[in-house]
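Data block below; observations after.
The values are calculated or read from the model by the stated rules, or taken from the named source; none is laboratory data. Bear in mind that the values here come from a model prediction, so they are computed numbers and not experimental data. Positions of Cβ are backbone-derived with ideal geometry, glycine not excepted, and every protein chain shown enters the neighbour counts. Accessible surface areas use protein heavy atoms only, side chains included; no ligands, DNA or RNA. Shrake-Rupley method; radii C 1.70, N 1.55, O 1.52, S 1.80 Å.
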Amino acid sequence: MQSPLFNHAEQQSQERYVVENPQLLRVSLTGQDDVLARKGAMVAYQGLIDFDGEYQTANQRRARARTGEGLDLMRCSGQGTVYFANLAQYVHVVEVEQEGLTVDSAYVLALDSTLHTEVIAVDSQYGISGSGKYQLNISGRGKVALMTSGQPLMMQVTPDKYVSVDADAIVAWSTGLRVQMQAQTHNSSVRRRRGDTGEGWELSFLGQGFALVQPSEVMPPQHAAIGQGIAAQYGAGQHGAHGQNQNNAWN
């Protein structure tokens, strides 16, 4: 049998995390360190691999109930190779070190089980109740695989050059950056989108580090269900700034 499909064979690499193609991640397990992945993200595997639901602590459950932010994970252990993907989103592997990584949990595909996660809040500079945006802080040493809708833009932040990003387009940033959430508007109510421009909340980053932006302000559906319209599945509005703009996404 012959076909151009056979050109998409497995890459030869000794790395633990390998981006097989822009939308597919391969993780090698040796029986020592487990990997945590988004529930249901496995598309194939080789070897002796066990998949178990990841236990959530009481603090994690409370934080999830209060903020809507958190990770639905499965633990993958054993010896072999596992392939992960989620709705053909683009995959990017980041090495987390001392500076840490802050990310929207909706963009996490997989991470080393040695990493620590904690929900944090980015509060509006106006102090308006409910306008804050909750994120996930990832610390420790290890790798995390992120997803984006389309190829992203990595923006460098320096002490003499701060960066402002649409709150619905930001994916992740260096934890050490100072962050302000704001709505630059001339209207009397900052709860409204910015005049007739269609722009809403934004995050401003100051300090030294990076901010990762995707070329989309609406995330793909995280749990697509058969028989439901695609518009009903888009999930950008479950919390934070996404929720501020959700109602306008399909108008």
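Okay, here's what the table says:
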read-out	value
Subset tally (residues that are assigned to a strand (DSSP E or B) and touching a residue at least 60 places away in the same chain (Cβ under 8 Å)) for region 17-54	10
Residues that are small (Gly, Ala, Ser), buried (at least 20 other Cβ atoms within 10 Å of the Cβ) and either more than 15 Å from the chain's Cα centre (by Cα) or within 15 Å of Trp201 (Cβ to Cβ) (or both), drawn from region 143-168	Ala167
Hits in region 101-119 - residues which are at pLDDT 90 or above and touching a strand residue (DSSP E or B) at 6+ places or on another chain (Cβ under 6 Å)	Leu101, Thr102, Val103, Tyr107, Leu109, Ala110, Leu111, Asp112, Ser113, Thr114, Leu115, His116
Qualifying positions in region 91-100 - more than 21 Å from Gly150 (Cβ to Cβ) and either outside any strand (DSSP E or B) or modelled with pLDDT of 95 or more (or both)	Glu97, Gln98, Glu99, Gly100
Residue ID - least open to solvent (accessible area, probe 1.4 Å), chosen from residues in region 14-53 that are over 18 Å from Val108 (Cβ atoms) and among the polar types (S, T, N, Q)	Ser28
Those residues of region 107-121 which are hydrophobic (A, V, I, L, M, F, W, C) and open to solvent by less than 10 Å² (accessible area, probe 1.4 Å), in sequence order	Val108, Leu109, Ala110, Leu111
The lone exception for His8 - which of (1) modelled with pLDDT under 70; (2) within 30 Å of Gln135 (Cβ to Cβ); (3) of a type outside the set (Phe, Trp, Tyr) it fails	(2)
Residues (modelled with pLDDT under 55 and either under 23 Å from the mean Cα position of the chain (by Cα) or of a type outside the set (Gly, Ala, Ser) (or both)) located in region 169-202	Thr185, His186, Asn187, Val190, Arg191, Arg192, Arg193, Arg194
Region 120-147 - residue that is among the β-branched types (Val, Ile, Thr) and at pLDDT 85 or above and, of those, nearest to Arg38 (Cα to Cα)	Val144
